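Bear in mind these aren't lab numbers, they're just calculated from the coordinates by the rules spelled out. What you are looking at is a predicted structure, and each value in this text was computed from that prediction instead of being measured. When we count neighbours, we look across all protein chains shown, and the Cβ atoms used for this are built from the backbone with ideal geometry, even at glycine.
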Amino acid sequence: MLALSFLELNSTLALNLSWTGLKQRAGLTEAKSGAGVSAEASSVKCKLQGAARLPAFSMDGDYVIGGVFSIHNYMHTVKHNYTTMPEPLRIDSRELRFSRAMVFAIQEINNSSKLLPGITLGYQIHDSCGSVPMAVRVAFQLSNGLEPVFYTGNNCSQSGMVMGIVGESGSTPSISMSRVIGSFNIPQVSHFATCACLSNKEQYPSFFRTIPSDQFQADALAKLVKHFGWTWIGAVRSDSDYGNNGMASFLDAAQKEGICVEYSESFYRTHPRSKIQRVADVIRRSTAMVVVAFAASGDMKILLEELSREPSPPRQWIGTESWVTNPDMLRFTFCAGAIGFSIQQSVIPVAASPVLTEFWEDAFNCRLGKNGIIMQYHCQDIQTLKSPYTDTSQLRITNMVYKAVYAIAHAIHNSACQKTNSTTQCDKHTRVESKQVLTQLKKVNFSQNGYDVSFDANGDPVATYELVNWQKSKIGSIEFVTVGHYDASLPVGQEFRINRNLTWVEGSTQVPVSVCTDSCPPGTRKVLQKGKPICCYDCIPCPEGEISNATDSPDCFPCPKEFWPNAERNKCFPKPVEFLSFDEVLGIILAAFSVGGACLAMITAAVFFRHRMSPIVRANNSELSFLLLFSLTLCFLCSLTFMGAPSEWSCMLRHTAFGITFVLCISCVLGKTIVVLMAFKATLPGNNVMKWFGPPQQRMTVVSFTFIQVLICTIWLLLSPPFPMENLTVYKEKIILECALGSAIGFWAVLGYIGLLAVFCFVLAVLARKLPDNFNEAKFITFSMLIFCAVWITFIPAYVSSPGKFTVAVEIFAILASSFGLILCIFAPKCFIILFQPEKNTKKHLMNKN
């Protein structure tokens, strides 16, 4: 920053001008050693007609730098009704400050012994009035040369041509000027023209600027909007090259960041008020909370004035460097909380001049008469004036003017001066053409008072911005507060940083929300609404078995096969493993019946053993009875192998033990049935059949039938044994631990063999059911086989259709039911007689015929 303080600025550069001081300077001309005479313009009013215009400020010099600023312009919509005089042009105090900054910079250079020693720079500063035709006219005037002599020869002198031009403030006037002066190789360095289109060196070969291109600002704005989570915004822009090109760059960057724009409206300060009203109504009716305004300062004033006429919903404004740090905008208090990028703040003293008469008159509503006579008595000390001209606390764009002047001066220095040993010699008589300055300007790289100046291949500087927030001070006024920075030269992802708290719309400290649709929570996915931007969507719950664990997820993805989503469908958890365990109620009940049945079989065996010599026990083939009770005990206990977590051994054991024990059981029953038939056949005269089916044959029959089942099970286990598996198909949300059959043929062969023996036994029992005897065991065998067959016939469809652990439960139930059927039908009547009707436990009673 420059060393001069604000107090020194007021004292040395006459910002504390009293009315008397201004009156004394009204007709003063300046002189500088070796510089010739400079004349301040007597008129600064824009005249689009007539002869050549006089510059607003001028001073002669060895080399002259041109300046073009919009010191006057229309700030309101103009409607000509031809009945009243048109509204006069108003002075723009901010642009006036820019012009005076150029004067100050040139004076500082002329007083320097390091830069252009012995050479005096002059200047011609023109007022373009914010008009493209006037800017073009000024460009031609500066290109025509400044010499009063008219050359008639072929070799026209260009010694009076300006070496470079500082300006214009707007992009559109700068484009027009560059197309004119580019043909003459006159460099143009703009301090405020930010249109990205001006980086095109094919169209604008002599254009440079000290302010970053809007391309960088557009990218920064898109990152800013994305940083705060705003995906649904409104956009307004100036209907000019600055606004249209800048907004196009921003919309392109915003689209890449996934930001949607509800509306994009353009306007210009000279548009009819109806057009401005329409834009204001669009803003009022919109649902977007955030509005990005890529507009020139003058245009923005018109829009905000229109919005201030009628109350509108609160809006969070995002501004560009053109207006977000303009002190004139602070009067729109409903924009408090606005944020935007601006040029870095600096402090530069601005020189005063007698040409400020008009500014003085406009500011204090007074008029200076001839010879300094005060016509109205409202003039005050300039220190009491609050104006962008006198406010040196927010010099941002002004610093760009300062840097532009120094850039051109360095280019002239490199063209006209030679460095000899440790000294620099400059010859003011050296003829320097603007083309040389243009060439040297591309190479400049220096630092002035801490400000680095250089240009890339496109004539653009390094893009650095400050993030400015409109915050209320302790006294209630709105002020600019720097809350962050953006440096495009830093690595990707590190360009943007915020180092202070922000204040938002309506003084809130919470970041406002501006979305078309609230974010989809985890567990849902986004589905775009038909015919609407991508930021407008519906949140659809994830399908069964799928999750989304991120906000605004576009898709749901399935959990791994061993996992299942939680109720919110935002996490995958391991599926619960299910099997028939001993801990659950069903398992406990089945285990209790299994153990109870085994105990019942052993108690029955104990009763039979205790009364083994009684007629009823002896008459029912006690050997087969004890073997049957033993096999029934095994049948009851084998059901326990079906419970618990399946393992390789338990899977092989449960099916083989079940098959073998049941065949043993049915073989015993079949043997008893055959014994009954043979016993009654033996009672017939001349029949000696019992010798062919005595105890050895009975044992052999049981062993033979059982051996066949053992052989089937062995082959099954050897070829394709059962094995434990996780069944993921029965239930989607849980895993069923079960035993796979290995070979379905082996399983159904085991069951089929049991069923074949049961049917054979049932047929024999039916044949023997009407044999004459007081205690016909064939009847009880018939009932037991009937129950057995009924149970296993119904088992087949129940087994196939039962899901998960209930398949095992059905198989256990069938085992227990058939086992209880056998023990109750065959042994319960005998035990009842033995224990409760001993009088019937006699050979006589048993031999009585019905």
Exercise. Counting Lys +1, Arg +1, Asp -1, Glu -1, what net charge surrounds residue 136 among other residues with beta carbon under 11 Å of its beta carbon?
Worked result: +1
Problem set entry | Protection proxy ranking, peptides 791-801, 585-595, average beta carbon neighbours within 10 Å, highest first | 585-595, 791-801
Exercise. So if R0 is 35 Å, what FRET efficiency would residue 557 and residue 723 give, r being the distance between their Cβ atoms, rounded to the nearest 0.05?
Worked result: 0.65
Seminar exercise, completed: Contour minus Cα-Cα span, residue 699 to residue 445, at 0.36 nm per residue, comes to 79.9 nm
Seminar exercise, completed: Per the rule of 0.36 nm per residue minus the C-alpha distance, extending residue 766 to residue 798 adds in nm 8.8 nm
Seminar exercise, completed: The computed P(r) of segment 524-574 puts the percent of Cα pairs beyond 15 Å at 44 percent
Seminar exercise, completed: segment 265-316 -> Rg/Rh from Cα coords, Kirkwood Rh, value 0.92
Seminar exercise, completed: Within the under-9-Å Cβ sphere about residue 250, not counting residue 250, Lys/Arg +1 and Asp/Glu -1 give a net charge of -2
Seminar exercise, completed: The alpha-carbon center of segment 173-200 and that of segment 254-323 are separated, in whole Å, by 28 Å
Problem set entry | Cα extents of segment 585-844 along the three principal axes, largest first (Å) | 68, 37, 27
Exercise. Around residue 807, with a cut-off of 12 angstrom between Cβ atoms, what is the net charge of the other residues, counting Lys and Arg +1 and Asp and Glu -1?
Worked result: -2
Exercise. Given segment 447-595 reduced to its alpha-carbon atoms as identical point scatterers, what log10 I(q)/I(0) does the Debye formula return at q = 0.09, 0.14, 0.17 Å⁻¹?
Worked result: -0.66, -0.98, -1.05
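Given R₀ = 56 Å, FRET efficiency for residue 544-residue 312 by Cβ-Cβ distance, to 0.05?
On the way: r = 47 Å, r/R0 = 0.84.
It comes out at approximately 0.75.
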For this session: With a point put 7 Å past each Cα toward its Cβ, work out how far residue 200 is from residue 618 in nm, to one decimal.
Result: 12.6 nm
